[in-house]
Structures are given as C-alpha cells and as structure tokens.
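For reference, the structure discussed in these notes is given below.
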Amino acid sequence: MQNQIRIVSTKKLSERQKQQLLSAGFSVFDEDFIRIQNKDFEIETINDYLIFTSQNAVESVLRNKKLIEIKSRKCFCVGEKTKTLLEENDFEVIADSDYAAELGSLICNQYSKNSFTFFCGNIRRDVLPDALRLVQITLDEIEVYETILTTYEIPFIPNGILFFSPSAVESYLHENKIENENCFCIGNTTAEALKYVTPNRIIANQPTMESVVMKCIENYKN
C-alpha cells in the first residue's frame with residue numbers, strides 16, 4: 001500500500017491490539033525494547049503498609065518465600081493493572097492512583113504517621129520516595145526486579161512510535177533517532193523522557209496500552 005502509515009511499538013502488543021492497528025491500515029513492527037528480570041530478595045522486617053508502582057514488582061514479590069507474611073500488610077499502588085494483579089492474588093489495596101506523585105501526596109497527607117515498604121525496580125523514579133522522606137515518613141526500599149534494555153535497530157523511518165516507559169525511550173534511542181515521528185506515550189512520565197528529543201509527543205487518555213493504541217489510530221484517522 002502506498003503511503004502506508006508505519007508504526008513501531010516498543011512493547012509486544014496483544015493480538016487484539018496489533019489487529020486494531022492492522023485493521024486501520026497501518027503496518028506494525030512490535031518488539032520488547034526492555035526486558036524484566038526478577039530478583040531474589042531478603043526481607044527482614046515488613047512495615048505498616050506496602051507500596052507497589054508496577055506489575056513487575058508484584059510478580060517478583062509473588063515468588064518470595066515470605067509471601068504469606070508480606071500479604072498480611074495492606075497496599076498502596078500505582079496503576080489499575082497493578083491493583084488488579086494485587087487483588088487477584090489476595091492483597092488488600094486501600095488506595096491507588098494513576099501516577100506516583102498523586103499517590104505520594106495522598107500518603108503524605110493521610111498516612112504520615114505510618115511506615116512503608118516500597119517494592120521497586122533498579123530504575124525507579126525519585127518522585128514518590130523523595131515526597132515521603134521530605135515529611136520524614138519511614139520508607140524501606142527493596143529492589144525486586146531489574147529492567148534490562150534490549151534495543152533494536154529499526155530498518156525504516158516510522159510515522160509513529162508507541163512508548164510505554166521512560167526505559168523504552170532510552171532503549172529506542174540507543175540505536176535509532178527520532179526526527180518527525182509522532183511519539184504516542186502511555187503517560188506524562190514517559191512523555192517527559194522525550195522532552196528534549198521531540199515536540200511531537202502525544203499522551204494517551206488513560207495510562208494503558210489499549211489507550212495508547214487508540215490514541216495512535218485516532219491521530220491518523222481524524
């Protein structure tokens with residue numbers, strides 16, 4: 001097809017997500033530009049509450065030998081899918097938010113007398129821990145997974161690129177340049193990682209893969 005819209009996704013799409021793009025007449029290249037590796041970790045003491053900011057952290061914690069003890073604590077989390085995964089595995093989530101900054105604000109305002117255990121990856125943003133420590137909330141960070149960059153060189157110039165994390169932005173830029181491509185981002189944090197790279201940043205309505213795909217289709221079909 002002449003002038004076919006070419007889309008690169010920096011994360012493997014589900015069959016349904018990929019089919020939506022193909023049905024819209026686009027060509028699609030999708031690969032995982034980052035890989036997640038769970039880490040074994042020791043936990044001596046568990047604080048009043050737990051914090052999860054990704055599904056990856058939940059997956060790693062589910063493998064820990066002290067899981068029953070960990071589950072005795074209630075959770076705060078970032079992301080609807082993180083919340084769903086926690087609840088499916090019998091954790092009790094008492095508050096969730098789409099963004100770490102919002103969750104940090106909630107904790108600082110309502111739970112400043114409590115202590116927290118934060119399960120995170122090796123590349124984690126400072127926003128939430130900095131907010132809690134600023135008001136002297138006890139916070140123990142436990143690194144439970146590692147993000148590994150797995151970059152690919154794209155052999156064509158795409159029209160649009162789908163980004164789902166700042167790490168994927170970093171991985172993409174290892175082997176590729178961004179010039180006039182539209183960059184569709186899952187949220188503000190990912191868009192921020194592209195701030196000095198391109199002005200062509202379009203943020204999805206919801207922080208989900210499905211919303212990024214729909215935003216991409218809407219952009220080219222309107």
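Here is how the numbers come out for the structure above:
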read-out	value
All positions within segment 137-165 that are in contact with a helix residue (DSSP H, G or I) (Cβ under 8 Å, 6 or more places away or on another chain), under 26 Å from Tyr49 (Cβ atoms) and either outside any loop (DSSP other than H, G, I, E, B) or small (Gly, Ala, Ser) (or both)	Leu139, Glu141, Val144, Tyr145, Thr147, Ser165
Those residues of segment 178-197 which are in contact (Cβ under 8 Å) with a residue 40 or more places away in the chain and not in a loop (DSSP other than H, G, I, E, B), in sequence order	Asn188, Thr189
Asp90 being of a type outside the set (Gly, Ala, Ser) and either surrounded by 21 or more Cβ atoms within 10 Å (Cβ to Cβ) or at pLDDT 95 or above (or both)	yes
Counted residues, segment 207-222 - those being more than 18 Å from Val28 (Cα to Cα) and loosely packed, with under 15 Cβ neighbours inside 10 Å	1
Scan of segment 171-206 for residues that are β-branched (Val, Ile, Thr) and surrounded by 20 or more Cβ atoms within 10 Å (Cβ to Cβ), ordered by number	Ile186, Thr190
Test: Lys74 is assigned by TED's automatic domain parsing to the domain that holds Asn122, surrounded by fewer than 18 Cβ atoms within 10 Å (Cβ to Cβ) and touching a helix residue (DSSP H, G or I) at 6+ places or on another chain (Cβ under 8 Å)	no
Tally, over segment 45-71, of residues that are surrounded by fewer than 23 Cβ atoms within 10 Å (Cβ to Cβ), within 16 Å of Ala95 (Cα to Cα) and either out of contact with any Gly (no Cβ under 8 Å at 6 or more places or on another chain) or basic (Lys, Arg) (or both)	3
For Phe116: the one exception among (1) over 18 Å from Lys11 (Cα atoms); (2) in the same structural domain as Phe26 (by TED's automatic domain parsing)	(2)
Pairs with Cβ under 6 Å, 6+ apart, first in segment 16-28 and assigned by TED's automatic domain parsing to the domain that holds Asn219, second charged (D, E, K, R)	Ser27/Arg6; Val28/Lys18
Complete set of residues in segment 147-165 that are among the hydrophobic types (A, V, I, L, M, F, W, C) and more than 21 Å from Arg124 (Cβ to Cβ)	Ile154, Phe156, Ile157, Ile161, Leu162
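Residue by residue, here is whether (1) within 13 Å of Phe29 (Cβ to Cβ); (2) under 14 Å from the mean Cα position of the chain (by Cα) holds:
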| position | (1), (2) |
| --- | --- |
| Gly160 | yes, no |
| Ser171 | no, no |
| Lys177 | no, no |
| Asn182 | no, no |
| Gly187 | no, yes |
| Tyr196 | no, no |
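The values are calculated or read from the model by the stated rules, or taken from the named source; none is laboratory data. Keep in mind the model is a prediction, meaning the values are calculated, not measured. No Cβ is skipped: glycine too gets one built from the backbone with ideal geometry, and neighbour counts run over all protein chains shown.
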